[in-house]
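The values are calculated or read from the model by the stated rules, or taken from the named source; none is laboratory data. For clarity, every value in this text was computed on a predicted model and none was experimentally measured. Neighbour counts are summed over all protein chains in view; Cβ atoms, including those assigned to glycine, are modelled from backbone coordinates with ideal geometry. Note: accessible area is taken over every heavy atom of the protein model, side chains too, but ligands, DNA and RNA are not part of it. Shrake-Rupley method; radii C 1.70, N 1.55, O 1.52, S 1.80 Å.
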Amino acid sequence: MRLAVFAGVLLLMALLEALFPRRARVQSRVRRWASNLGLIAIDTLALRLVLPIVAVGMAAFTAERGWGLLNLVAWPAWLEIVLAVVVLDMLIYWQHVATHHIPWLWRLHKIHHADRDFDVTTGIRFHPVEIILSMLYKFVCIIVLGPAVAAVILFEVLLNGCAMFNHANVRLPAWFDRCLRLVIVTPDMHRVHHSVVPTETNSNYGFSLSWWDRLFGTYIPQPQAGHDGMTIGLAQYQDERPASLAWILTVPFRSEKRQRSIGSRTRSRLDGR
């Protein structure tokens, strides 16, 4: 089911991006897409090799043993599913906050933000080590919460689909965006999070439901420079490196000082042209 939703949303968003683009691209689509899609293949392989089960399997394992807070009360099935999906989404919000504020997690997560364009493939651009750590975090959440298997399936499908939707380079009507972001994260809302401006990078953390940023004070409605004028990515990586798959895989393990030096020399060379 998740694979079908993944492929369907990816193709739909790619089509809408071609028909109704929000911003002009600054890097080659072919090279970026080859790297970003290649990364999802590596991530999938890494999960299969390192972990014996995924989130749905952990939910089944937990349910068999009656573990978790939700198993302390006999909830109606529909209510348990709704509660589980909402709580899991909030927990993913806090995980996202942590990846920005814990230095060693940021070293992994920054490859997601280093992408200088913002489109549907950005939504699947995560380092394999971060993907494995994220799955382990989900395991802990599932053990503590004890959600039904159906709830975890629904949550995983929504999280995956929403991540690609809200990273899409799609122009939505302003009135539709205003209505939609009352419930779910829209591309214009999440694009702010990919700004080079640090206060904007550290805002709008939600992936699916838009409530958490408003509730916890991390919501910024629009970028300072506007959506057409804003710069996407990270200030120290405004060159061609973020489009390279080899760079994506290795940069978390490189010296920050050396990376800044390389970035400065590269930008100076480009400016000289």
So Leu88, is it crowded, with 18+ Cβ neighbours inside 10 Å and more than 24 Å from His227 (Cβ to Cβ): yes
Would you tally the residues in region 203-232 being open to solvent by 60 Å² or more (accessible area, probe 1.4 Å) and either touching a helix residue (DSSP H, G or I) at 6+ places or on another chain (Cβ under 6 Å) or among the aromatic types (Phe, Trp, Tyr) (or both)? 3
Where the second residue is open to solvent by 10 Å² or more (accessible area, probe 1.4 Å) and hydrophobic (A, V, I, L, M, F, W, C) and the first is farther than 18 Å from Met164 by Cα and outside any loop (DSSP other than H, G, I, E, B) and lies in region 198-216, which pairs have Cβ atoms under 7 Å and are six or more apart or on separate chains? Glu200/Ile220; Trp212/Met90
Here's a check for you: in region 58-76, which residue that is assigned to a loop (DSSP other than H, G, I, E, B) and in contact (Cβ under 8 Å) with a residue 24 or more places away in the chain is farthest from the chain's Cα centre (by Cα)? Gly66
Criterion first (polar (S, T, N, Q), surrounded by 14 or more Cβ atoms within 10 Å (Cβ to Cβ), out of contact with any Phe, Trp or Tyr (no Cβ under 8 Å at 6 or more places or on another chain) and closer than 27 Å to His167 by Cβ) does Thr99 satisfy it? no
When the residues of region 54-74 are filtered to those that are surrounded by 13 or more Cβ atoms within 10 Å (Cβ to Cβ) and out of contact with any helix residue (DSSP H, G or I) (no Cβ under 7 Å at 6 or more places or on another chain), which remaining residue is nearest to Ser244 (Cα to Cα)? Gly57
Residues located in region 9-46, provided they are part of a helix (DSSP H, G or I), open to solvent by less than 40 Å² (accessible area, probe 1.4 Å) and over 19 Å from His190 (Cα atoms): Arg32, Ser35, Gly38, Leu39, Asp43, Ala46
Positions within region 149-180 being assigned to a helix (DSSP H, G or I), of a type in the set (Gly, Ala, Ser) and under 18 Å from the mean Cα position of the chain (by Cα), in sequence order: Gly161, Ala163
Does region 87-105 contain any residue that is part of a helix (DSSP H, G or I), out of contact with any helix residue (DSSP H, G or I) (no Cβ under 9 Å at 6 or more places or on another chain) and charged (D, E, K, R)? no
